[in-house]
1. Tell me, what HN-Hα J-couplings in whole Hz come from the Karplus equation 6.51 cos²θ - 1.76 cosθ + 1.60 at θ = phi - 60° for each residue of segment 226-239, using x for Gly and Pro?
2. Based on the Kirkwood radius over alpha-carbon pairs, what value in µm²/s does the Stokes-Einstein equation return for the translational diffusion coefficient of segment 45-129 at 37 °C and 0.692 mPa s?
3. Taking the Cβ of each residue in S15, S70 as the centre, tally the other Cβ atoms inside 10 Å and list the residues starting with the fewest.
4. Given the rule -39500 (n - 2.57) for each run of at least 4 DSSP H residues, summed and divided by the residues of the chain, what is its mean residue ellipticity at 222 nm, to the nearest 500 deg cm²/dmol?
5. Among F90, F190, F99, whose mean-square fluctuation peaks in a Gaussian network model of the chain (Cα, cutoff 10 Å)?
6. Out of the trypsin sites (Lys or Arg not before Pro) in segment 118-211, which ones are loop residues according to DSSP with at most 11 other C-beta atoms within 10 Å?
7. In whole angstrom, how far apart do the alpha carbon centroids of segment 173-206 and segment 37-91 sit?
8. Which whole-Hz couplings ³J(HN,Hα) result when phi for each residue of segment 6-20 is put into the Karplus expression 6.51 cos²θ - 1.76 cosθ + 1.60, θ = phi - 60°, listed in order with x for Gly and Pro?
Amino acid sequence: MKILITGATSGIGLSLVKLYKSLNCEVIAVGRNPQILSELAQLGIDTITLDLLDLVACRNQFKQLEQKHSFVDLAILNAGNCEYVDCESFDAELVKRVFDANVITLANSIECVLPLLRKSTQAHLVGVASMASYVPLSRAEAYGASKSAVNYLLESLAIDLLPENIAVTVVNPGFVKTPLTAKNDFPMPFALEADDAAKIIHQGIVNKKNEIHFPYRLSIPMKLFALLPRGLWRKFAQKFKKV
Ligand SMILES: NC(=O)c1ccc[n+]([C@@H]2O[C@H](COP(=O)([O-])OP(=O)(O)OC[C@H]3O[C@@H](n4cnc5c(N)ncnc54)[C@H](OP(=O)(O)O)[C@@H]3O)[C@@H](O)[C@H]2O)c1
């Protein structure tokens, strides 16, 4: 099985790369960090150095990839970033950076990897969003909105790729201990290790789930919160605000 993983040099992506390699899969790791990529190459993993925001570079690199591999069975599009908004000095550039990191990198990846998936007989596209998209959260004006966009994009894509028999899965994790969350200055309930998150994602992919969400202890209450009348949620959400 041939698997392409973006955001492969850190956190959840790096754990997924190591997990799939341990399962004897052929892994193509896409990332920006040359040192980690060269360490992965020494483990026999194929690597691509790429800023996924650079669409021209993406097209060129994937053309070369196609010559070498011709197809990909599973694409896990995981690259992303989080920054929190400070409403006292609302920064539109921050919002753009977060949308670039989460939505535009995903769109660029999809354009480039779809032709390779179309040549597989068991094609599966997986995108990593976040549970932050379930309900509006304090300071998540950029991150939550971008991950809502990721959810919508992937759900639409799932409808359009169904006739081609290409499966699409959305991953909505809760808190996972990675460099991305290391900077969080608030409690992270039920936070998981990245290796454990990777195992859950892998199992969900094996089961061809439409949505993989975890941990249930957080995702189920969050899904229920989304059903509350908006006014009630706004009052309740004040409790989660950092003072
Ligand atoms: N950790 C959590 O609690 C959590 C919860 C929900 C969702 N998620 C999502 O899970 C995914 C992985 O996050 P993580 O926690 O593992 O974070 P991480 O450790 O910071 O890893 C993010 C990866 O994305 C890569 N990346 C970002 N922008 C890129 C770009 N323009 N081009 C290429 N690569 C780019 C990073 O590359 P560099 O190392 O070069 O920067 C890094 O490898 C993200 O989409 C995140 O939003 C995480």
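Here, each number is a calculation from the coordinates, and none is a lab measurement. Keep in mind the model is a prediction, meaning the values are calculated, not measured. Please note: Cβ atoms are built from the backbone with ideal geometry, for glycine as well, and neighbour counts cover all protein chains shown.
1. So the J values, rounded to whole Hz, are 5, 8, 5, x, 4, x, 5, 4, 4, 5, 5, 5, 4, 5.
2. 232 µm²/s
3. The order, fewest Cβ neighbours first, is S70, S15.
4. -14000 deg cm²/dmol
5. So, out of F90, F190, F99, the one fluctuating most is F90.
6. Sparse-neighbourhood loop trypsin sites (Lys or Arg not before Pro): K183, K208.
7. 20 Å
8. Once θ is set to phi - 60°, the couplings for segment 6-20 become 9, x, 7, 9, 7, x, 4, x, 5, 5, 5, 4, 5, 5, 5 Hz.
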